[in-house]
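Encoded as structure tokens, the structure appears first; notes follow it.
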Amino acid sequence: MEQLVDVKVISTARGPIEYAVKGSGKPVLVLHGSPGGIDAAAAMAGFLPVDEFQAILVSRPGYLGTELGDRATPREQADLYAALLDELGIAKVGVLAWSGGGPSAYQFAATHPDRTGALVAIACLSQHWVNPTPDIASRIFQTTRIGDWLMRKLVAHQPLQVIQGAVSDESSLSGDEFDEHVKYIDSDPVKKQFVLDMALTASQVGRRKAGWDNDLVQFAKSADPGWGAIEAPTLLVQGSADSDVLPENSEHAHAGIAESELLTLDRGTHFAFYTHPESDAAQARALEYLRNW
């Protein structure tokens, strides 16, 4: 995983937030999923050309260097992002969000339409979500410190096992289809590295616990950011075999956002935007949205 060299915690009118800036050009606010942190945001932003885009990476409240404080709700988090932009002297941004970053991304676009140039929402939550009961292996790896240590060992020494676990946990693929997709990811260095990098951000304990626990509370509520207030051109990307954030979430957002496009990746997993055979084309489409506002 790329090591961010200039991570800072900045004070804003809405409290402190951990952030880093990578690249130069058109600004893009990058909002990670759940769990996650600024390291996950950095992996998400890897496809953005550094000579065209200024990626503004953050840890959402409760994750890593951003304290939860009184920024629990999607509205409060959206206002925090706006306050960060104030401190950075940035009037308007494109927004790139994934999964659990969706509620606050949609809220930012609805509450601050004048500051949202475009929105790319990758398998983003748009409806209430309750975490399914994990199996014993997932509980060990995601909710214990020893599990976090074991995951790091597996990433270093048994990467194929990590890829298998990720595809199993985040999709409905099975049988030959499952095996072929795992082999496909393992054979592509960029796609493989993305899955391994994300595996290192999936712990629900330590410095990610407060954010994860809060997300569970927020996601269990009915989510309505005020769809009609979202004016920014919006690209919604969804894998049809995503078992984590079901396709109905992107369909719901598509129905609510007037200027939106739904791009469905056939038999794609929750990682489809980064690992699907058509991910390069999906990323190229996303770049069009993030360039042209």
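For the range 214-263, how many residues are outside any helix (DSSP H, G or I) and polar (S, T, N, Q)? Working first, answer last.
Narrowing the range 214-263 to residues outside any helix (DSSP H, G or I): 220-226, 230-246, 257-263.
Applying the additional criterion that residues be polar (S, T, N, Q) yields 222, 234, 238, 240, 243, 260.
Result for the range 214-263: 6.
Just to confirm my filter: which helices (runs of 4 or more DSSP H) fall fully inside the range 8-127 and include at least 1 residues that are in contact with a His (Cβ under 8 Å, 6 or more places away or on another chain)?
Working: elements: 38-44, 74-88, 102-111.
Result: 38-44, 74-88.
To keep it simple, each residue is scored yes or no on (1) surrounded by 20 or more Cβ atoms within 10 Å (Cβ to Cβ); (2) modelled with pLDDT under 95; (3) under 17 Å from the mean Cα position of the chain (by Cα).
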position	(1), (2), (3)
Pro103	yes, no, yes
Pro113	no, no, no
Thr116	yes, no, no
Thr143	no, yes, no
Lys153	no, yes, no
Leu160	no, no, no
Val190	no, no, no
Phe194	yes, no, yes
Ala202	yes, yes, yes
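The values are calculated or read from the model by the stated rules, or taken from the named source; none is laboratory data. Keep in mind that this is a model prediction, so the values were computed, not measured. Virtual Cβ from ideal backbone geometry, glycine too; neighbours counted across all protein chains shown.
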